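Notes to accompany the following structure.
Please treat every number below as a calculation from the coordinates, not as lab data. Since this is a predicted model, take the numbers as computed values, not measurements. For neighbour counting, all protein chains shown are included, and Cβ atoms are generated from backbone atoms with ideal geometry for every residue, glycine included.
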Amino acid sequence: MSKRVELLDHGYLRLVDCWGREELEDAVGEESIVAAARMSTGKGFLGWGIEETCTTCDGSGTGEKSRGFGPGSLCPDCQGRKCRINKPGDEKLLRYLWENKHATPFEMAGVTIEVAAPIFVFREWHRHRVPFSYNEMSSRYVPLPDLSFVPDPEDSVKRSIAASQRNKQAGVIEGAAVLTLEAAHDLLGEEHELLRKIEDLYQRKLRAGFPKELARTHLSVSRYSKMRASANLRGWLAFIALRSASGAQQEIRVYSDALRGILAELFPRTLNLFSEKR
Ligand SMILES: Cc1cc2nc3c(=O)[nH]c(=O)nc-3n(C[C@H](O)[C@H](O)[C@H](O)COP(=O)(O)OP(=O)(O)OC[C@H]3O[C@@H](n4cnc5c(N)ncnc54)[C@H](O)[C@@H]3O)c2cc1C
């Protein structure tokens, strides 16, 4: 499992802890959800279905003419997954829970992650309150590292064009020029220069004896900070539903997408159910 993902220009997301596993062979993290739901009958987790090579397509995932579906088309039985569950197990209960919004068992699993991201990303992230726990590094106690997010010129132009076409609130201001690559390079070059001046002033304030809590007052929200964030699976799925959506800002979406990838490795069946509905 990839436990650390590098993101943006200086950020990362790292898995710190995961819970929801029963001490079972091949446990991947979802057994506790089923076991919690079964408290009502006292039966516990009974086991996942047995996955076998799909006999309809002989594990190719796609068809052959002789089988009645073309070479390029997906196998109607396994839908291209090349295998299928021949003896249904607790996937059935997991699906029932998910589809009927029996949500509390999904609170029995979860993850803690560590994230380095620009402060403006944390501003959005910290709006997610239930059931999240956060601890962030404090620039009252340690100077912030000299790392700031600066947009990429090509990406800025691409997003400017897309935003003006969509005419969304999150786009360009009324009467704005068409952003050219040259203008983006010039302005972002100025931004790099400004960030150097900001850092220089920060270091001079620190050396002059300003307490760290006052030396930081001119720093921008593009500065990187670090935090740990912890939540149960239900909470993370609510976060991903909002922050991996197309309307979310790209700079938080990349973190949400990376987390989604990690959760898909830890809780594959639940993430499949989550994706089916989207
Ligand atoms: C694309 C996008 C744009 C946004 N734009 C803005 C913006 O312009 N300005 C802005 O201020 N915010 C903005 N937000 C933040 C948004 O308003 C929410 O604060 C954020 O998405 C967290 O969602 P939440 O409240 O569901 O999360 P949480 O606070 O974690 O709550 C989770 C769930 O718990 C329940 N809950 C929590 N608190 C209460 C409560 N007090 N009463 C009843 N039920 C509760 C609700 O069911 C809620 O969905 C934006 C979010 C997105 C995704």
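Some values worked out for this structure:
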{"item": "Selection within segment 235-247 - out of contact with any strand residue (DSSP E or B) (no Cβ under 8 Å at 6 or more places or on another chain) and either in a helix (DSSP H, G or I) or within 17 Å of Glu114 (Cβ to Cβ) (or both)", "result": "Leu237, Ala238, Ile240, Ala241, Leu242, Arg243"}
{"item": "Tally, over segment 244-259, of residues that are more than 20 Å from Asn135 (Cα to Cα), within 11 Å of the ligand (Cβ to nearest atom) and not aliphatic (A, V, I, L, M)", "result": "5"}
{"item": "Tyr134 among the hydroxyl-bearing types (Ser, Thr, Tyr), surrounded by fewer than 16 Cβ atoms within 10 Å (Cβ to Cβ) and away from the ligand (no atom under 16 Å from the Cβ)", "result": "no"}
{"item": "Breaking point among (1) within 16 Å of the ligand (Cβ to nearest atom); (2) among the basic types (Lys, Arg); (3) closer than 29 Å to Ala37 by Cα, for Arg127", "result": "(3)"}
{"item": "Near pairs, Cβ below 6 angstrom, 6+ apart or cross-chain, from segment 127-152 (under 27 Å from Trp236 (Cβ atoms) and assigned to a loop (DSSP other than H, G, I, E, B)) to any residue that is of a type outside the set (Gly, Ala, Ser) and within 16 Å of the ligand (Cβ to nearest atom)", "result": "His128/Phe239; Pro131/Asn232"}
{"item": "Among (1) charged (D, E, K, R); (2) within 16 Å of the ligand (Cβ to nearest atom); (3) in a strand (DSSP E or B), the one test that Arg159 misses", "result": "(3)"}
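Matching residues to (1) of a type outside the set (Asp, Glu); (2) within 14 Å of the ligand (Cβ to nearest atom); (3) surrounded by fewer than 18 Cβ atoms within 10 Å (Cβ to Cβ):
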| position | (1), (2), (3) |
| --- | --- |
| Leu97 | yes, no, no |
| Ala103 | yes, yes, yes |
| Glu107 | no, yes, yes |
| Ala117 | yes, no, no |
| Ser138 | yes, no, yes |
| Ser148 | yes, no, no |
